[in-house]
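Peer 1: Below you will find the structure I want to go over with you.
Every read-out reported here was derived from the displayed coordinates using simple, explicitly stated rules and does not represent laboratory data. Please read these numbers as outputs of a predicted model, since none were measured by experiment. Because the Cβ atoms are built from the backbone with ideal geometry, glycine has one as well, and the counts that use them run over all protein chains shown.
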Amino acid sequence: MSFNKSIYKNRTILVTGGTGSIGKEIVKLLLNCSPKSVRVFSRDESKQFFMQQELKNFDNVRYFVGDIRDKQRLLFALEGVDYVFHAAALKHVPSCEYNPFEAVKTNVLGVQNIIEASLEKKIKKVIVISTDKVVNPVNTMGTTKLLSEKLVAAADYYKGSHKTIFACVRFGNVMGSRGSVIPLFKEQILKGLPITLTDKNMTRFIMSISQASNLVLKAAEYAHGGELFILKMPTIKIQELAEAMLEDFEKTTGQKGPDIVEVGIRPGEKIYEELMTLEESKRALCNDEMFIIPSIVNGKADINLYKGFYIATQENYSSENAPALNKNEILNLLRSEDLTFEK
């Protein structure tokens with residue numbers, strides 16, 4: 001998936017959560033677009049320090065220590081900015097279950113701060129990253145992110161004479177991102193610990209960090225206001241992922257790997273995930289790469305706004321019934337992201 005690099009040339013862009021797995025990749029992609037400046041906004045000064053070393057050859061990256069809960073800090077960071085990519089969030093399901101109001105402060109109130117500060121600073125476009133866990137949510141993280149989607153869609157409706165365009169991108173599980181299952185399985189295998197499988201029937205949508213980041217930038221290109229963008233992506237059975245990684249380890253090292261142990265689902269987890277409801281599909285458009293769901297607040301979008309898109313099939317988009325990758329396909333996907341045990 002390629003995006004139009006020219007729209008970021010000589011622009012100033014702010015990436016919240018810019019030191020995270022997705023945020024950092026977005027920053028790197030933007031730096032290849034000849035921007036005037038890319039601003040990294042995050043809470044963790046240590047991650048910023050290491051990122052500064054990694055990107056030391058670029059003189060147009062600025063680093064802001066701050067929290068999206070702090071609107072005044074956001075207003076300062078947004079001065080003179082053209083585009084905002086919002087990747088900061090509390091995203092770990094168990095953590096949000098045990099600290100629900102902290103999730104509200106970041107994923108709901110923080111997003112409202114982004115909206116209000118962006119309107120005040122006359123930002124051109126704001127793209128907010130969401131998750132498949134918002135669909136029929138059963139956990140705090142999904143519920144707060146669903147609220148953030150609603151806030152973004154509503155903002156594009158009530159912005160009045162403001163020209164700022166707001167849109168959301170809904171992700172599946174991102175391979176190799178911090179806290180995801182692949183790094184966990186890899187660590188367990190290397191240490192000879194049992195591979196902890198939550199449930200043998202669990203399925204998930206999966207995408208690479210590069211796919212996820214490109215989708216965000218592609219969404220900014222298409223966004224006219226209030227839309228939700230969803231990448232078409234494969235699904236995997238978590239058990240087959242664990243087995244594929246174990247077989248890869250044994251083949252690469254010649255050593256016997258650890259056992260796979262079923263430990264039960266964690267608080268707030270679901271056996272399968274959904275990326276789009278039946279109701280959402282009734283107003284969705286699509287092409288070969290993604291879906292666009294126009295805002296229900298703004299009514300039906302003009303299909304002529306989205307070149308190359310057509311009316312999508314009306315159906316629930318779920319990892320339970322979507323085609324799943326086999327073990328060889330899973331291994332090829334892992335190799336493409338350098339996540340296997342091959343040296």
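Peer 1: Please compute the length gained on full extension between Val138 and Ser210, using 0.36 nm multiplied by the number of residues separating them and subtracting their Cα-Cα distance. Each step should come with its number before you reach the end.
Peer 2: Numbers: separation 72, 0.36 × 72 = 25.92 nm, distance 2.83 nm.
Using 0.36 nm per residue and subtracting the Cα-Cα distance, I get 23.1 nm.
Peer 1: Sort 114-120, 256-262 by the packing proxy (mean of other Cβ within 10 Å over each peptide's residues), most packed first.
Peer 2: Those peptides, ordered most packed to least, come out 114-120, 256-262.
Peer 1: Over all distinct alpha-carbon pairs, what is the Kirkwood Rh of region 136-285 in angstrom?
Peer 2: The answer is 17.7 Å.
Peer 1: Taking R0 as 41 Å, what's the FRET efficiency between Glu320 and Ser46 from their Cβ-Cβ distance, rounded to 0.05?
Peer 2: My answer for the efficiency is 0.55.
Peer 1: What percentages, rounded to whole numbers, describe P(r) for the chain computed over all alpha carbon pairs with 20 Å bin width beginning at zero?
Peer 2: P(r) over the chain, rounded to whole percents: 30, 59, 11, 0.
Peer 1: From the cross-link list Lys24/Lys327; Lys5/Lys124; Lys145/Lys307; Lys24/Lys237; Lys145/Lys200; Lys28/Lys91, which pairs have alpha carbons spaced over 24 Å apart?
Peer 2: Flagged as over cut-off: Lys24/Lys327; Lys145/Lys307; Lys24/Lys237; Lys145/Lys200.
Peer 1: In nm, what is the difference between 0.36 nm times the number of residues separating Ser161 and Asn99 and their Cα-Cα distance?
Peer 2: My answer for the length gained is 18.5 nm.
Peer 1: Quick one: check the C-alpha center-to-center distance for region 243-287 versus region 16-82, whole angstrom.
Peer 2: Value for the Cα centre distance between the two parts: 31 Å.
Peer 1: For region 33-98, what is the relative contact order in percent, using Cα pairs closer than 8 Å and at least 6 residues apart in sequence?
Peer 2: Relative contact order, region 33-98: 32 percent.
Peer 1: Give me the Debye-computed log₁₀ of I(q)/I(0) at q = 0.21 Å⁻¹ for region 1-147, equal point scatterers on Cα only, no solvent, two decimals.
Peer 2: -1.31
Peer 1: Further question: What is the P(r) of region 228-275, as percent of Cα-Cα pairs per 10 Å bin from 0?
Peer 2: 19, 36, 30, 14, 1
Peer 1: Once you place label points 7 Å from the Cα toward the Cβ at Leu184 and Asp259, how far apart are they in nm?
Peer 2: 2.0
Peer 1: Let me ask something additional. Normalising by the residue count of the chain, find the relative contact order in percent from Cα pairs under 8 Å and 6+ residues apart.
Peer 2: Working: 690 pairs, mean separation 55.3, N = 343.
Over the chain, the number comes to 16 percent.
Peer 1: Turning to a different aspect of this structure: Would you please state which residues of region 239-253 a label at Lys200 would reach in this model, taking the label point 7 Å out along Cα→Cβ and a backbone N cut-off of under 12 Å?
Peer 2: Of the residues in region 239-253, 239-240 have backbone N under 12 Å from the label point off Lys200.
Peer 1: Scan region 130-205 for trypsin sites (Lys or Arg not before Pro) in coil per DSSP, keeping those whose Cβ has at most 13 other Cβ atoms within 10 Å, and list them by number. Each step should come with its number before you reach the end.
Peer 2: Numbers: sites: Lys133, Lys145, Lys150, Lys159, Lys163, Arg170, Arg178, Lys186, Lys191, Lys200, Arg204; in loops: Lys159, Lys163, Arg178, Lys200.
Listed in order of number, the matching sites are Lys163, Arg178, Lys200.
Peer 1: Based on the inverse mean of 1/r over its pairs of different Cα atoms, what is the Kirkwood hydrodynamic radius of region 20-107, in Å?
Peer 2: 14.2
Peer 1: Moving on to the next point. What order do you get for Asp338, Asp156, Asp82 when you list them from fewest to most C-beta neighbours inside 10 Å?
Peer 2: Lowest to highest Cβ neighbour count: Asp338, Asp82, Asp156.
Peer 1: Holding the Cα-Cα limit at 30 Å, pick out from Lys163/Lys282; Lys36/Lys105; Lys56/Lys218; Lys218/Lys251; Lys125/Lys186; Lys71/Lys282 the pairs that are longer than that.
Peer 2: Cα-Cα > 30 Å for Lys36/Lys105; Lys218/Lys251; Lys125/Lys186; Lys71/Lys282; rest within.
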